[in-house]
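Notes follow the structure.
The values are calculated or read from the model by the stated rules, or taken from the named source; none is laboratory data. Treat the numbers as computed from the prediction; the structure is a model and nothing was measured. Cβ: placed from backbone, ideal geometry, glycine included. Neighbour counts: every protein chain shown. All accessible areas refer to the heavy atoms of the entire protein, side chains included, with ligands and DNA or RNA removed. Shrake-Rupley method; radii C 1.70, N 1.55, O 1.52, S 1.80 Å.
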Amino acid sequence: MDNQLCSLPEFLQCHQLSTLLLQRNNGLIAIPEFFDSMRNLRVLDLHGTGIESLPSSISNLISLKGMYLNSCTRLTQLPPNIRELVQLEVLDIRGTKLNLLQIGSLTWLKCLRIPLSSFFKRIRTQRQFGSISTFVSLEEFCVDDDLVSNYVLLGPT
């Protein structure tokens, strides 16, 4: 973390790794397909990196409990196989360009943190508002007020 990383190795043999902290490396814009050997990883913290997407090998993290993607301002999409992370309990997507539809298959989450702008994009109809109710195991739901933050930083338009 905070190492000014710009790239990662294409392959890692880390069978016993339980925590991977890569946060606050804004120059890190791509994650290689290197999660194949990390089946015991429980925490993945990528917050504040410059990533635009996650590799499909993310689905190999079968023990992952927490994934922190907050402040990944360029992150616009997740791989479709994200739904295979059935042990995932905590997901933080505040400060990303992700929306509820992209994470809607993760109905077992216990803690979900999203940006307010993402929430508003999806609740234009009652049917879309119902997408929150699909997260049947939620114990903590946090909606970050990024709209006010943007207004304060940028001023009125």
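Please go through the range 16-40 and give me each residue that is out of contact with any His (no Cβ under 8 Å at 6 or more places or on another chain), open to solvent by less than 30 Å² (accessible area, probe 1.4 Å) and not in a helix (DSSP H, G or I), ordered by number.
L20, L22, N25, L28, I31, P32, F34
So which residues in the range 63-72 are open to solvent by 30 Å² or more (accessible area, probe 1.4 Å) and either within 11 Å of the chain's Cα centre (by Cα) or at pLDDT below 95 (or both), if there are any at all?
Within the range 63-72, Y68, S71 qualify.
Quick check: is even one residue across the range 5-15 at pLDDT 95 or above, more than 21 Å from D144 (Cα to Cα) and open to solvent by less than 50 Å² (accessible area, probe 1.4 Å)?
Within the range 5-15, not a single residue is at pLDDT 95 or above, more than 21 Å from D144 (Cα to Cα) and open to solvent by less than 50 Å² (accessible area, probe 1.4 Å).
Give the residue that is surrounded by the most Cβ atoms within 10 Å (Cβ to Cβ), with candidates limited to residues of the range 41-62 that are in a loop (DSSP other than H, G, I, E, B) and among the aliphatic types (A, V, I, L, M).
Let us first name the residues in the range 41-62 that are in a loop (DSSP other than H, G, I, E, B), namely 41-42, 46-55, 61-62.
Okay, now just the ones that are also among the aliphatic types (A, V, I, L, M), so 41, 46, 51, 54, 61-62.
Working: L41: 22, L46: 24, I51: 22, L54: 22, L61: 22, I62: 14.
Restricting to residues being in a loop (DSSP other than H, G, I, E, B) and among the aliphatic types (A, V, I, L, M), the top hit is L46.
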